[in-house]
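Remarks on the structure that follows.
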Amino acid sequence: PTSHRMITEAALKFGAHVFVEKPLAPTVEDCRAIALAAQGANKSVCPGHSLLFDPTVRRALAMIEDNDIGDVLSVDYFRCQPLPQYQGGTLPEYFRDGGYPFEDLGVHGIYMIERILGPILNQRTVCQSVNAGLMYVNEWRVTTEHKAGTANLYFSWNSKPSENLFVVHGTTGVLRVDVFAQTLTFRRQMPFPEIVSRPI
C-alpha cells in the first residue's frame, strides 16, 4: 500500500486510467494526492472493490434495486479468515499498524454497506486481540448508522471456518449471500399466517 501513490501518479503522468489494489493508500493525505493527480490528468482511478463485481453479489444488488425485499432495514457482514503465514524476520510496516486488518478486509464491508445503505453517518467500533500473534488486533465489530438503516460488521482471524457473507434485511424479505460458496438465498414474506409460512 505504501507504493500505491507513487505508482499511481506515475501511471497518470503516462496518460493511463489506473486500477489500484485496496486500500487505495495508507494515509488520507496520499488518497487526496491521488484524487488531485487523477483530476489534473483527467483520468479515472478506481480502487479494487472486487465484491461489487462478484456475480452473486451483483444478483443480490439487482434484487435490492428491484425492491424484491422491500425497503432495506439493515445489513450484517461477516468476514473471517486464517492469519497470514509469517516466515520470521521484521514485520512489514502494515502488519505493525493496529488498523491494518481493517484496512485489508474491513474495506470490503465498508463499500458494500455504503452501496446498499448509503454514506455512513455514525459508527462504533469494538476491537480486541485473541491469540494475537502476527496482528496487533484480530477481532473487530463495527456498527454503522445510515439514513436508510444500520449495519453490523464482524471481522475475525480466529473464527473457523472461513466466511465471506452478508445478510440484508428488508421490510418484505431477507437476502443471504455467501460469497465463498457463491450462493444466494432469498426468503420473502408470505401472505399466510406464520404457522403456515414456516413449513412452506
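The alpha carbons of the chain occupy a box of 62, 45, 30 Å along the principal axes, longest dimension given first.
Over region 102-144, what is the relative contact order in whole percent, taking alpha-carbon pairs under 8 Å and six or more residues apart?
34
In region 100-182, the inverse of the mean reciprocal separation of distinct Cα atoms equals 13.9 Å; this is its Kirkwood hydrodynamic radius.
Once each part is reduced to its C-alpha centroid, what is the distance from region 170-200 to region 9-70 in angstrom? About 32 Å separates the Cα centre of region 170-200 from the one of region 9-70. Here the Gaussian network model covers the chain, with springs between Cα atoms less than 10 Å apart; of Ser156, Ser74, Ser129, Ser129 fluctuates the most.
Apply the a/c threshold of 1.5 to the C-alpha gyration tensor of region 1-97 and tell me whether it is rounded, prolate or oblate. Here region 1-97 falls in the oblate category.
Extension gain for Leu121-Thr143 works out to 6.8 nm (0.36 nm per residue, less the C-alpha to C-alpha distance).
Going by average Cβ density within 10 Å per residue, which order do the peptides 107-114, 179-186 take, highest to lowest?
Ranking, from highest mean packing down: 107-114, 179-186.
To the nearest ten degrees, helix 55-65 and the longest principal axis of the Cα atoms of the chain are 60 degrees apart. The mean sequence separation of alpha-carbon pairs under 8 Å and at least six residues apart, normalised by the residue count of the chain, gives a relative contact order of 22 percent.
What is the angle, in °, between the Cα long axis of helix 4-13 and the longest principal axis of the Cα atoms in the chain? Nearest 10 is fine, range 0 to 90. The angle comes out at about 80 degrees. A full extension of the chain between Leu36 and Asn67 corresponds to an added length of 7.5 nm, given 0.36 nm per residue minus the alpha carbon distance. Could you state the angle between the C-alpha long axis of helix 28-41 and the longest principal axis of the C-alpha atoms of the chain, as a value from 0 to 90 degrees rounded to the nearest 10? Helix 28-41 sits at roughly 80 degrees to that axis.
All of the numbers you see were taken from the coordinates with simple rules; none came from a lab. What you see is a predicted model; the values in this text were computed from it and never measured. Heads up, the Cβs are rebuilt from the backbone with ideal geometry, glycines too, and the neighbour counts pull from every protein chain shown.
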